[in-house]
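The values are calculated or read from the model by the stated rules, or taken from the named source; none is laboratory data. As the structure is a computational prediction, the values presented were derived from the model and not from experiment. Here the Cβ positions follow ideal geometry from the backbone for every residue, glycine too, while neighbour counts run over all protein chains shown. Note: accessible area is taken over every heavy atom of the protein model, side chains too, but ligands, DNA and RNA are not part of it. Shrake-Rupley method; radii C 1.70, N 1.55, O 1.52, S 1.80 Å.
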Amino acid sequence: MTVTIRTLNELLQPSHLPAHPLATQEYFVNMGPQHPISHGSLRLVLRLDGETVKEVIPVPGFVHRGVEKMCESLTPRQIVPYTDRLDYLSAFMNNWAITRVVETAAGIESNERIETIRTLMSELQRIQSHALWWGVTGMDLGAFTAFLYGFREREVISEIFEETVGARLTMNYIQPGGVMYDIHPNFVKRVKDVMAYMKPIIDEYDTLLSGNVILQERCRNIGILSPEKAIALGCTGPVLRASGVPYDLRKMENYGVYNKVDFNVVVGAVGDCWDRYYVRMQEMRESIRIVEQLIDSIPEGPTMTLRYNLPIEMPEGTYYSQVETARGVFGAFLVAEGKSEKPYPLHFRSPNYNNLWSVTALAPGWRVADIIAILSSLDLVIPDIDR
Amino acid sequence: MGLITETLPAVIEKFPGGSLIVTSMDYAINCSRANSLWPLTFGTKCCAIEMLMATGAAHQDLSRFGAEVARASVRQADLMVIAGAIVKKMAPRMRMLYEQMAEPRYVIATGACAVSGGPFMYNSYSIVRGADEVIPVDVYVPGCPPRPEAFFWGLLALQKMIKEGESVRRPGIRRKPVMAALPNGMTAADVRAEIQRELEQDNVIDVEKEAESKPWAAKVKEWIRKSSSIS
Amino acid sequence: MDSEELLDIVERIESGATKREKSDRPAVHVPVDRLLSAMRRLRNYQWLSFDMLVTHTAIDWPDDNRFELVYLLYSTVHGHLLERPQ
Amino acid sequence: MSFMDFTDLRYEKRTLGGKILPVVVCPRFNPRSQPMRVFDAVKGLLQGMRLTLGYLLSPSKIVTQQYPENRATLKFPERYRAILKFKYDENGLHKCTGCKNCEVACPNASIKVITRDSVITEDHELDRYIWRLDSCMFCNACVQACPFDAIEMGHAFENAVYDRRLLIYGLNPIAGPAASALENEEDPEVRRRMSDPRTILGGPIPLNGAGLPNLKPVAAAPFVDPLPIAVTDPLPPEDGEGEEVS
């Protein structure tokens, strides 16, 4: 068994010398690490032939903080706030992933109320994340107005979070044994108001941007990802679903109270940028449906089943749990030694990492300007890639 | 809403030929700089969402401070908002970006990661513990992430610093309102209170009260009332 | 197909495979020289068809002086999640 | 189908991983012939413009908040986490006993609780509570871990400074025991001796107070005495006092 490992320097050699004096020469262009499209610090090396992209070499690691290594010296409760800082637009879901694996390992029971609140918060954040993504995509593709509209809705949902959780971005809300606070007395009313407000807003988004000819032309049939390729690359979330594979952990794995609600998995027909765009638009509608089904019937019960200062004992073994974040499957792989509270190694399976590498399969053959649309439709969050 | 309520300084520096214009020029230039900061879109992590995106959007409107022209190119920017963690791989790049910026250039470090390494201060092998280990930082805005309002407060502090800051004739010598080492007999609480007092005095004006003193105030009020009642 | 059944099949197709204890998912040990063929079979056999590599990671056991590579495989056809440390 | 129809969603059932899933397929529309395409393009653009123009002419709600001008009226939700502070009762006494639960719970060691042995009762009690705002990640773990309900997260968010060293806070203006211990003591003189005021170290303390040569308390220090007892001046250090447990 041999594995070829090529360093970046070897990758950056021109593949051939031009045979004909008039033949075009390949050249490399750096995108990033400081580039407005990267939404963070991501370096992409493009091998170009004229305007056509031959190869994309992602060079991640500009925000690598060593979170997984740090977690080996932290207790489960202390790990939870660090997961906020991976994919910060899906903070609740990341909290939930590590909480699930700890709860599985330690055998902590949770109740209906806790699970309902967790589900509600996750779905609200999915709407928020997609709204933000929609605005930023609009900005990347040249429509600044979309940015203003997307962030307007983000603020509205942020206010709900602020009231119940006390933070706008880094939540640390879903914790082993329950949730940090009970929901605020205003929560139910406020969520209902916001959901009633959001429903026409998404149609408004369609009017504003989806029907725009520029967006259509820049997205339609650009960057087609076949379902086989998407599965082979390990893409998850809207990127995989846009390729037509209805893989949604909310249906596949039994967690939260997703089995009690009625919602559809949104899939695309072709797998191009337009499908990846519209899958998220439709997912916002489905998330609103989920929230509306759950908000009226939050069961009674305690919101924390575990005393805070007690250590969480995890017996020896390996544990893996995953949840569906706004960008795909976020998993936590934990090995407990049984000696202390701290995990021995902890590995995060981040959706953005796999989605990033799909750009190597997507980009070749397209123009440089299409890379913008492709990257934008992948909805990458860089700290989640680098961890 | 210029937020400049100071009167022009009437200090005449005496030397042959007179110097009233030059001193006023300093002031005018510094005011212009303070009120037209062009930030660089340099966000590495979560703070970028709050500091550079949310502030630029409608709810918190960065353009009220004249700083909405976010530039992707360092050559056109004069304010670097370090929003997020700086790791060892990124640090040389950040230094390079900073050096490419034209003088005068200002740096705000927002969020715990940029101020001190923050959540990753201990146990992490790759973080730079504070952006000021790489480049000089003018204003620190703590929080994880700070709210957009907290960032505005930091921006106002920076504007304050620029306004009474360096002279055009002697560039590079920047006077921070708070000295690095505290003078004798002064506590840090005094310093904080002073910053607070100064900023409030300069930058907080009651819009409605100001507007009422203007002759066109009634008309505008009427118009706002009409237009909001339509919807 | 439940996890026990799955384990039996994997043990049958790979001679050196053993069950892995203390795991919350079905897991098998495969010796390192059999890794590639095992992965091929896991992907290509129709009743297994583990076509998605969900994640892979490594655990080091300094006491035993060895590394353990962990591959998490998922089958989009059957919906199994298999953990394969080796 | 027409160009701008987003309601044409196909509802299907698909199987994946042995499960039958309800699926909705996104709408796709192929561009029409060239003259109609121009018409569609203009229509799409105009629809978007009509929407924005509508918001311009009749804003249903003005979303922009005027931050520095509305400071007086700015209200945050009660749970908002922006700064760590002690809870004081009506007598201005804190409840912290120096149990160090918060220090243990803090993920990145932003809290340092220094305890000492009491002068009077020889109990373990709080000497200094140091909190690093510059590295705090506001995860609320300290507040959750506190068994005595002594600390809380406050709303003061305007913490921008020009010097990073000003971001290290000493939370307790008075050292000494918690309110419960102090209440048991009747003699005001003993109570005064039990609690040294930490005037110079209250509020932000650069580098934990170190590195500041010749730091003297000033007469006009903005220290509001939380104790209802008259405090004349800080006690001189006595032998056996001030043993710092790190």
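A few remarks follow.
- Complete set of residues in the range B:113-144 that are facing chain D (nearest Cβ under 9 Å), buried (at least 24 other Cβ atoms within 10 Å of the Cβ) and within 17 Å of the chain's Cα centre (by Cα): B:Val115, B:Val139, B:Tyr140, B:Val141, B:Pro142, B:Gly143
Here's the yes/no breakdown for (1) at pLDDT below 75; (2) of a type in the set (Phe, Trp, Tyr); (3) in contact with a helix residue (DSSP H, G or I) (Cβ under 7 Å, 6 or more places away or on another chain):
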residue: D:Val24; (1), (2), (3): no, no, yes
residue: D:Pro31; (1), (2), (3): yes, no, yes
residue: D:Met36; (1), (2), (3): no, no, no
residue: D:Ser60; (1), (2), (3): yes, no, no
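- When the range D:2-19 is filtered for residues that are more than 14 Å from chain C (Cβ to nearest Cβ) and either closer than 30 Å to A:Val261 by Cβ or modelled with pLDDT of 80 or more (or both), the ones remaining, listed by number, are D:Asp5, D:Phe6, D:Thr7, D:Asp8, D:Leu9, D:Arg10, D:Tyr11, D:Glu12, D:Lys13.
- The one condition from (1) surrounded by fewer than 22 Cβ atoms within 10 Å (Cβ to Cβ); (2) in a helix (DSSP H, G or I) that A:Pro302 does not meet is (2).
- Filtered residues of the range C:28-51 (kept if touching a strand residue (DSSP E or B) at 6+ places or on another chain (Cβ under 9 Å) and hydrophobic (A, V, I, L, M, F, W, C)): C:Val28, C:Val30, C:Val32, C:Leu35, C:Ala38, C:Met39, C:Leu42, C:Leu48, C:Phe50
- Summed over the range B:93-112, residues that are touching a residue at least 12 places away in the same chain (Cβ under 8 Å) and open to solvent by 10 Å² or more (accessible area, probe 1.4 Å) total 8.
- Options A:Pro315, A:Pro364; residue that is in a loop (DSSP other than H, G, I, E, B), open to solvent by 20 Å² or more (accessible area, probe 1.4 Å), away from chain C (no Cβ under 14 Å) and at pLDDT below 90: A:Pro364
- Of the residues making up the range A:142-179, those that are open to solvent by 10 Å² or more (accessible area, probe 1.4 Å) and in contact (Cβ under 8 Å) with a residue 60 or more places away in the chain are A:Gly142, A:Ala143, A:Thr145.
- Picking from residues in the range A:72-100 that are at the interface with another protein chain (Cβ under 10 Å from one of its Cβ atoms) and among the aromatic types (Phe, Trp, Tyr), the one that is surrounded by the fewest Cβ atoms within 10 Å (Cβ to Cβ) is A:Tyr88.
- Qualifying residue in the range A:321-329 (condition: away from chain C (no Cβ under 11 Å), modelled with pLDDT of 85 or more and farther than 30 Å from A:Leu46 by Cα): yes
Per-residue answers, yes or no, for (1) basic (Lys, Arg); (2) outside any loop (DSSP other than H, G, I, E, B); (3) within 21 Å of A:Val279 (Cα to Cα):
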{"residue": "A:Asn95", "(1), (2), (3)": "no, yes, no"}
{"residue": "A:Thr104", "(1), (2), (3)": "no, yes, no"}
{"residue": "A:Arg118", "(1), (2), (3)": "yes, yes, no"}
{"residue": "A:Arg126", "(1), (2), (3)": "yes, yes, yes"}
{"residue": "A:Leu169", "(1), (2), (3)": "no, no, no"}
{"residue": "A:Pro185", "(1), (2), (3)": "no, no, no"}
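- Looking only at the range A:147-169, and only at residues there that are within 11 Å of chain B (Cβ to nearest Cβ) and among the aliphatic types (A, V, I, L, M), the one that is nearest to A:Asp262 (Cα to Cα): A:Val156
- Helices (runs of 4 or more DSSP H) fully within the range B:83-172 that include at least 2 residues being out of contact with any Asp or Glu (no Cβ under 7 Å at 6 or more places or on another chain) and closer than 20 Å to B:Leu62 by Cβ: B:111-116, B:148-163.
- Residue within the range D:102-112 that is on the phi > 0 side of the Ramachandran plot and surrounded by fewer than 16 Cβ atoms within 10 Å (Cβ to Cβ) present: yes
- Residue check for A:Gly66: open to solvent by less than 10 Å² (accessible area, probe 1.4 Å), on the phi > 0 side of the Ramachandran plot and either at pLDDT below 85 or within 22 Å of the chain's Cα centre (by Cα) (or both): yes
- Residue in the range D:20-73 that is nearest to the other protein chains (Cβ to nearest Cβ), counting only those that are of a type in the set (Phe, Trp, Tyr) and part of a loop (DSSP other than H, G, I, E, B): D:Tyr67
- Boolean, D:Asp89 is of a type outside the set (Val, Ile, Thr), away from chain C (no Cβ under 14 Å) and in contact with a Lys or Arg (Cβ under 7 Å, 6 or more places away or on another chain): no
- Residue list for the range A:258-284, restricted to those being assigned to a helix (DSSP H, G or I), more than 9 Å from every other protein chain (Cβ to nearest Cβ) and in contact (Cβ under 8 Å) with a residue 40 or more places away in the chain: A:Tyr258, A:Cys273, A:Arg276, A:Arg280, A:Glu283, A:Met284
- Count of the range A:343-361 residues, restricted to those that are at pLDDT below 85 and away from chain C (no Cβ under 12 Å), is 0.
- Residue count for the range A:23-59, restricted to those that are of a type outside the set (Ser, Thr, Tyr) and open to solvent by less than 30 Å² (accessible area, probe 1.4 Å): 17
- The combined condition, being β-branched (Val, Ile, Thr) and modelled with pLDDT under 80, is not fulfilled by D:Thr52.
- Any chance A:Tyr320 is more than 30 Å from C:Ser23 (Cβ to Cβ), under 23 Å from the mean Cα position of the chain (by Cα) and outside any loop (DSSP other than H, G, I, E, B): no
- Only residues that are more than 18 Å from D:Cys146 (Cβ to Cβ), at pLDDT 80 or above and over 21 Å from the mean Cα position of the chain (by Cα) were counted across the range D:66-107, and they come to 0.
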